[in-house]
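Heads up: the structure comes next, in structure tokens.
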Amino acid sequence: ISGSTILSWYMTSSDGQKVLVVHNVASSAKTVDVPGDISKPIAVLGSAAVKGGQVILEANSSVVFLQ
């Protein structure tokens, strides 16, 4: 995932559980192609909608997916 207003990274716990964190720091909504399983958002700050392999993040919103 890339872009000047999209920040993302994976975090892995010591027991192997992995999450994907995606932030939209723009002042407008962004649609982002997301690899892997995004059927399990575990946290949302602001507003996010999942459609297929994409997430639509409103301005200054974040989402965390359990991978």
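Among the residues of region 8-16, is there at least one that is of a type outside the set (Gly, Ala, Ser), touching a Lys or Arg at 6+ places or on another chain (Cβ under 9 Å) and not in a strand (DSSP E or B)?
As a first pass, look at region 8-16 and keep what is of a type outside the set (Gly, Ala, Ser): 9-12, 15.
If we keep only those that are touching a Lys or Arg at 6+ places or on another chain (Cβ under 9 Å) as well, we get 10-12.
Now restrict to residues that are not in a strand (DSSP E or B): none.
No, the conditions are met nowhere in region 8-16.
Report yes if residue 21 is touching a residue at least 40 places away in the same chain (Cβ under 8 Å), within 13 Å of residue 63 (Cβ to Cβ) and either among the small types (Gly, Ala, Ser) or surrounded by 11 or more Cβ atoms within 10 Å (Cβ to Cβ) (or both), otherwise no.
Spelling it out, residue 21 is indeed touching a residue at least 40 places away in the same chain (Cβ under 8 Å), within 13 Å of residue 63 (Cβ to Cβ) and either among the small types (Gly, Ala, Ser) or surrounded by 11 or more Cβ atoms within 10 Å (Cβ to Cβ) (or both).
Take the residues in region 24-56 that are among the hydrophobic types (A, V, I, L, M, F, W, C), part of a loop (DSSP other than H, G, I, E, B) and farther than 13 Å from residue 67 by Cβ; name whichever of them is most open to solvent (accessible area, probe 1.4 Å). Reasoning before the result, please.
Our first condition is that a residue be among the hydrophobic types (A, V, I, L, M, F, W, C); within region 24-56, this holds for 25-26, 29, 32, 34, 38, 42-45, 48-50, 55-56.
Still in the list and also part of a loop (DSSP other than H, G, I, E, B): 25-26, 29, 34, 38.
Checking the rest, the ones that are also farther than 13 Å from residue 67 by Cβ come to 25-26, 29.
Numbers: 25: 79, 26: 9, 29: 51 Å².
So the residue we want is 25.
Restricting the first residue to region 31-53 and requiring it to be without any contact (Cβ under 8 Å) to a residue 60 or more places away in the chain, which pairs with a second residue that is open to solvent by 80 Å² or more (accessible area, probe 1.4 Å) and among the acidic types (Asp, Glu) meet a Cβ separation below 8 Å and a spacing of at least six or different chains?
Going by the 8 Å Cβ cut-off, the qualifying pairs are 46/58; 47/58; 48/58; 53/33.
Looking at residue 59, is it open to solvent by less than 50 Å² (accessible area, probe 1.4 Å) and assigned to a loop (DSSP other than H, G, I, E, B)?
Answer is yes for this residue.
Just for region 1-12: of the residues that are under 11 Å from the mean Cα position of the chain (by Cα) and not β-branched (Val, Ile, Thr), which one is least open to solvent (accessible area, probe 1.4 Å)? Walk me through it before giving the result.
In the first step, residues of region 1-12 are kept if they are under 11 Å from the mean Cα position of the chain (by Cα); the result is 1, 6-10.
Next, only the ones that are not β-branched (Val, Ile, Thr) stay: 7-10.
Numbers: 7: 83, 8: 41, 9: 107, 10: 103 Å².
Looking at residues that are under 11 Å from the mean Cα position of the chain (by Cα) and not β-branched (Val, Ile, Thr), I get 8.
Would you pick out the residues in region 28-42 that are modelled with pLDDT under 95 and in contact with a Ser or Thr (Cβ under 9 Å, 6 or more places away or on another chain)?
32, 34
What do you reckon, is residue 15 of a type in the set (D, E, K, R) and open to solvent by 90 Å² or more (accessible area, probe 1.4 Å)?
On the way: of a type in the set (D, E, K, R): yes; open to solvent by 90 Å² or more (accessible area, probe 1.4 Å): yes.
Spelling it out, residue 15 is indeed of a type in the set (D, E, K, R) and open to solvent by 90 Å² or more (accessible area, probe 1.4 Å).
The values are calculated or read from the model by the stated rules, or taken from the named source; none is laboratory data. Just so it is clear, the model here is predicted, and its values are computed rather than measured. No Cβ is skipped: glycine too gets one built from the backbone with ideal geometry, and neighbour counts run over all protein chains shown. Only protein heavy atoms, including side chains, enter the accessible area calculation; ligands, DNA and RNA are left aside. Shrake-Rupley method; radii C 1.70, N 1.55, O 1.52, S 1.80 Å.
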